[in-house]
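Colleague: Below you'll find the structure I mean.
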């Protein structure tokens with residue numbers, strides 16, 4: 001029996017929070033901070049891409065216009081997270097610019113997770129069956145395995161409106 005996709009997303013959110021807290025404690029230990037950040041940045045992209053492949057299409061296809069709007073907002077949030085990780089990639093490791101980019105990513109991610117947990121996951125659980133969420137959970141997990149380490153992912157921003165159009169047509 002597969003895990004419920006909403007629980008898997010929440011588990012990732014908990015992991016993200018712990019990793020950003022670890023980074024906050026590593027300001028003086030650049031080598032270790034770089035390792036933690038590299039793993040975290042990749043995991044953020046794998047998670048976002050897995051959501052975009054399996055969670056948000058299911059949410060956006062529901063008839064409610066609010067769901068399409070929430071999906072557009074979530075994809076926009078993912079883009080803000082990607083912008084922060086890209087800024088960090090471009091900065092010198094350990095520099096103030098690098099730490100600022102990590103902080104920007106953390107803020108964008110916290111904003112996204114709070115909205116997603118409140119406005120997307122809870123209503124999705126109410127509107128869908130456990131069996132369906134477990135089916136999506138199996139696909140979500142398989143996506144994460146196939147793209148471990150960011151393999152095959154573009155790390156590029158997506159146009160939220162075009163994304164919703166594509167997944168609902």
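Read-outs throughout are calculated quantities, based only on the coordinates presented, and are distinct from any laboratory measurement. Please read these numbers as outputs of a predicted model, since none were measured by experiment. Heads up, the Cβs are rebuilt from the backbone with ideal geometry, glycines too, and the neighbour counts pull from every protein chain shown.
Colleague: Using a 7 Å offset from the Cα along the Cα-to-Cβ direction at both residue 91 and residue 61, what is the distance between the two label points in nm, to one decimal?
Modeller: Taking the two extended label points, one gets 4.0 nm.
Colleague: Okay, moving on. What's the extension gain from residue 15 to residue 83 if we count 0.36 nm per residue and subtract their Cα-Cα distance?
Modeller: This chain segment gains 22.4 nm when fully extended.
Colleague: For labels at residue 25 and residue 103 in the simple 7 Å Cα→Cβ model, what's the distance in nm?
Modeller: In this crude label model, residue 25 to residue 103 measures out at 2.0 nm.
Colleague: While we're looking at this one, here's another question. Against the longest alpha carbon principal axis of the chain, how many degrees, from 0 to 90 and to the nearest 10, is the axis of helix 130-146 turned?
Modeller: Approximately 40 degrees, to the nearest 10.
Colleague: Let me check the size of the chain from its C-alpha atoms; what are the radius of gyration and Dmax in Å?
Modeller: Over the chain's Cα set, Rg and Dmax evaluate to 16.1, 50 Å.
Colleague: Ok, one more. On a 0 to 90 degree scale, rounded to 10, what angle separates helix 96-115 from the longest Cα axis of the chain?
Modeller: 20
Colleague: Nearest 500 deg cm²/dmol is fine: what mean residue ellipticity at 222 nm does the chain get from its DSSP H runs of n ≥ 4 alone, each adding -39,500 (n - 2.57), divided by its residue count? Could you put the intermediate results ahead of the total?
Modeller: Working: 8 runs with 124 residues, N = 169.
Calculated from helices alone, the mean residue ellipticity at 222 nm is -24000 deg cm²/dmol.
Colleague: So how do 158, 35 line up by other beta-carbon neighbours within 10 Å, fewest first?
Modeller: Placing the least packed residue first, the sequence is 35, 158.
Colleague: So for 169, 154, fewest C-beta neighbours within 10 Å to most, what's the order?
Modeller: 169, 154
Colleague: Kindly state, to the nearest 0.05, the FRET efficiency for residue 32 paired with residue 142, given R0 = 25 Å and r defined as their beta-carbon distance.
Modeller: Step by step, r from the Cβ atoms, then E = 0.20.
Colleague: Same structure again: Could you give the angle, 0 to 90 degrees to the nearest 10, between helix 5-24's Cα long axis and the longest principal axis of the Cα atoms of the chain?
Modeller: Between the helix axis and the principal axis of the chain, the angle is about 10 degrees.
Colleague: Turning to a different aspect of this structure: Using Cβ contacts closer than 10 Å as the measure, can you line up 8, 59 from fewest to most?
Modeller: Values: 8 24, 59 21.
Ordered from fewest to most neighbouring Cβ atoms within 10 Å, 8, 59 come out as 59, 8.
Colleague: Now a separate question. Please identify, among 82, 133, 118, the residue showing maximal mean-square fluctuation in a Gaussian network model of the chain using a 10 angstrom Cα cutoff.
Modeller: Taking springs between Cα atoms under 10 Å, the residue moving most is 118.
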